[in-house]
Every structure is written in structure tokens, then in C-alpha cells.
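Q: My structure is below; once you've seen it, I'll send some questions.
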Amino acid sequence: MVATGRSGRDRAALRDVLSQHRLAELREGIWLRPANLDRPAAYQAEPALNTFVARPDRDAAELAEHLWQLGDWSRRAHALEAQLRETTDPALRLTVAANLVRLLSTDPILPPALLPAQCPAESLRAAYGAYQGELRALAAN
């Protein structure tokens, strides 16, 4: 156990919650993100968490790249978007779409100033929306 007295399971659960809220770990126990998202009351009520406003000493876009590996995320997003566009087999398209949703669940949803050039997050959401439209059209037939 660490100094806070939380069990490994409790620490892992807290890490999951913080990740779901799109925070990134700078170093052990220090999680952060830009203040562009609202936090739900349950997040604010967690006694182990403190929130504050700070400015990084280094370039904020470089810090964002370090914390969220935005280049890697963008490459995976571009590849999935291309696969969805090029795949015609329905079962394979479903698999690609599931991977796309999984990747979108890890999108840190950063302010535009912190995103890499040609960040595909919005086009990936649009591609998934179009795929959902295809499924609705098929279901209506």
C-alpha cells in the first residue's frame, strides 16, 4: 500500500475513474488535464482528489503530446478511419467500428490549441456517425 493507505485494488479503481475522466498521469499520483471539460459531482466529491489551476513550465502542446501520446493516437485513428472507408464486408466493418469506438473512448478531448496538426478526432466521430446511419438504414429495410 502507498502512503494514502489505499489498497492496490482501490488505487487501480481510482486510476480507471481518472482515465475515464480523460486525465493523464504526469508521474505517480499526479494526474492532470486542461480545464476544458466539466467534472461530474461524483468526481468532485472524491476525497482523494484535489483540483487547482496551474500553468506548465514547458510548452503546453508538448506536454499534451507527452501525456496522451497524441501522435500515436492520431496514427491509429487515421488507420481505423481508412479501414472503415475501405472495408466492405459487414462483419469486418463491425469489427473496425468497434475498434474505432474503443479508440474514441481514449480521446482526451483537448482544446484545439493542444491538438496535433490534422488531428482526426472529429473526422473519426463523423465516420462512426455515418456508419451508425448505415446500420439504421439497414435495420429500416
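Any read-out appearing in this document is the output of simple, stated calculations on the displayed coordinates, not a laboratory observation. Bear in mind the structure is a predicted one, so any value in this text is a computation, not a measurement. Note: ideal-geometry Cβ built from the backbone for every residue, glycine included; neighbour counts use all protein chains shown.
Q: For the chain, take the longest principal axis of its alpha carbons; what is the angle in degrees between that and the long axis of helix 90-104, to the nearest 10 within 0 to 90?
A: The answer is roughly 20 degrees.
Q: Given the -39500 (n - 2.57) contribution per DSSP H run of 4+ residues, what per-residue ellipticity at 222 nm results for the chain, rounded to the nearest 500 deg cm²/dmol?
A: -18000 deg cm²/dmol
Q: Which FRET efficiency, nearest 0.05, do L26 and E46 yield, Cβ-Cβ r, R0 22 Å?
A: 0.75
Q: Let me ask another. Would you mind checking region 94-115 for residues with the amide N under 16 Å from a putative spin-label position 7 Å along Cα→C-beta of A61?
A: 110-115
Q: Tell me, what ³J(HN,Hα) does each residue in region 121-131 have, in order and in whole Hz, if you take phi through Karplus 6.51 cos²θ - 1.76 cosθ + 1.60 with θ = phi - 60° and put x for Gly and Pro?
A: 4, 5, 5, 5, 4, 5, 4, 5, x, 5, 4
Q: Using 5 Å bins from zero, what percent of all Cα-Cα pairs in region 1-103 falls into each bin?
A: 2, 9, 16, 17, 14, 14, 12, 8, 4, 2, 0
Q: Taking θ as phi - 60°, what are the ³J(HN,Hα) couplings along region 58-75 by the Karplus curve (6.51, -1.76, 1.60), each to the nearest whole Hz, with x for Gly and Pro?
A: Once θ is set to phi - 60°, the couplings for region 58-75 become 9, 4, 5, 5, 5, 5, 4, 4, 4, 6, 10, 6, 4, x, 5, 4, 5, 4 Hz.
Q: So what is the relative contact order of the chain, in percent, for Cα pairs below 8 Å that sit 6 or more residues apart?
A: 25
Q: Moving to a separate point now. Which trypsin sites (Lys or Arg not before Pro) from region 1-55 combine a DSSP loop assignment with at most 14 other Cβ atoms within 10 Å?
A: The qualifying sites are R6.
Q: Relative to a virtual label point 7 Å from the Cα of L92 in the Cα→beta-carbon direction, which members of region 101-141 show backbone nitrogen distances below 13 Å?
A: none
Q: Which order do the peptides 89-96, 62-69, 45-52, 34-41 come out in when sorted by mean C-beta neighbours inside 10 angstrom, highest first?
A: Packing proxy ranking, top to bottom: 62-69, 89-96, 34-41, 45-52.
Q: May I pose another question? Per residue and in cubic angstrom, what volume does the convex hull of the Cα atoms of region 94-136 have?
A: Residue-normalised Cα hull volume stands at 71 Å³.
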